1. Each label point is 7 Å from the Cα along the Cα-to-Cβ direction; what then is the distance between the points at residue 7 and residue 107, in nm?
2. In segment 87-129, which trypsin sites (Lys or Arg not before Pro) fall in coil by DSSP and have 11 or fewer other Cβ atoms within 10 Å?
3. What is the ratio of the Cα radius of gyration of segment 54-109 to 2.2 N^0.38 Å, where N is its residue count, to two decimals?
4. Tell me, what HN-Hα J-couplings in whole Hz come from the Karplus equation 6.51 cos²θ - 1.76 cosθ + 1.60 at θ = phi - 60° for each residue of segment 12-23, using x for Gly and Pro?
5. Past 24 Å, Cα to Cα: identify those pairs from 54/147; 33/194; 43/144; 43/147; 71/145; 145/194, in the order given.
6. Counting DSSP beta bridges in the chain, what percent are antiparallel, to the nearest 5?
7. Treating each Cα of segment 1-78 as an identical point scatterer and ignoring solvent, apply the Debye formula and state log10 I(q)/I(0) at q = 0.19, 0.26 Å⁻¹.
8. Give me the percent of accessible area attributable to carbon and sulfur for segment 116-188, probe 1.4 angstrom.
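The values are calculated or read from the model by the stated rules, or taken from the named source; none is laboratory data. Everything numeric here is computed off the predicted structure, so don't read it as measured data. Cβ: placed from backbone, ideal geometry, glycine included. Neighbour counts: every protein chain shown. Surface accessibility is based on the protein's heavy atoms, side chains included, excluding ligands, DNA and RNA. Shrake-Rupley method; radii C 1.70, N 1.55, O 1.52, S 1.80 Å.
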Amino acid sequence: SDKDILEFAMKQIYPHLADLFYFMDFSDANRNKRGGGTSLVVKNLQTFYYSKLKARFIAVFDNDAEGYQCKCLLLREINNWPENFRILLYPDNKLFQKYPTLAPNGKILKDCISRKACSIELYLPDELIKTDGAYFPIEWESRKKIKAIDGTEEVLYQGVISQKTEIKGKFHELRRAIETGQRAFVPEEWERMKQ
């Protein structure tokens, strides 16, 4: 789904640049899918690096504990990535400093979710990640020990936005409506994605 969201946003926000980027496919012409996820991105980048490929590569991980862990792993493993590689996390945003999270006792608490739970869905327009005027909360799933780039260890919780499947469905509906001209693309609603 990240590929679909990124391709759509690129075409809408930067139509003059969209043809300059290729997003890796995870399915073939027969709709057969191969494994995805962060571990595959890490393996692909390592393969591209050790193969000394000269094409330009941008790896963008979720700004969550798993994505941060993968970025740190790659930057620790290979100290001096060549200029044709960029290894990034989705960016921080003011919204993420005090975002609603679901505590174990069921209460909603505002917490900083950067490097813990910022998947691509959080960069979508508010209408897709809100219900009744409130943001869908983050649900905490696991605790991860992460070795930072400098080798120090830190502990972060991995979270996921609740109603993730519903959000993806709403995105595909909105995308179809925009692509068929039933709705206008409003750039101001996509500011987090532009970031």
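1. Placing both labels 7 Å beyond Cα along the Cβ direction yields 4.5 nm.
2. Those satisfying the criteria are 107.
3. That works out to 1.55 for segment 54-109.
4. Computed from phi, the couplings for segment 12-23 are 7, 7, 10, x, 6, 10, 4, 6, 8, 10, 10, 9 Hz.
5. 54/147; 33/194; 145/194
6. So the antiparallel bridges in the chain amount to around 70 percent.
7. With no solvent term, the Cα-only Debye profile gives -1.01, -1.31.
8. Using a 1.4 Å probe with all protein chains present, segment 116-188 comes out at 46 percent carbon and sulfur.
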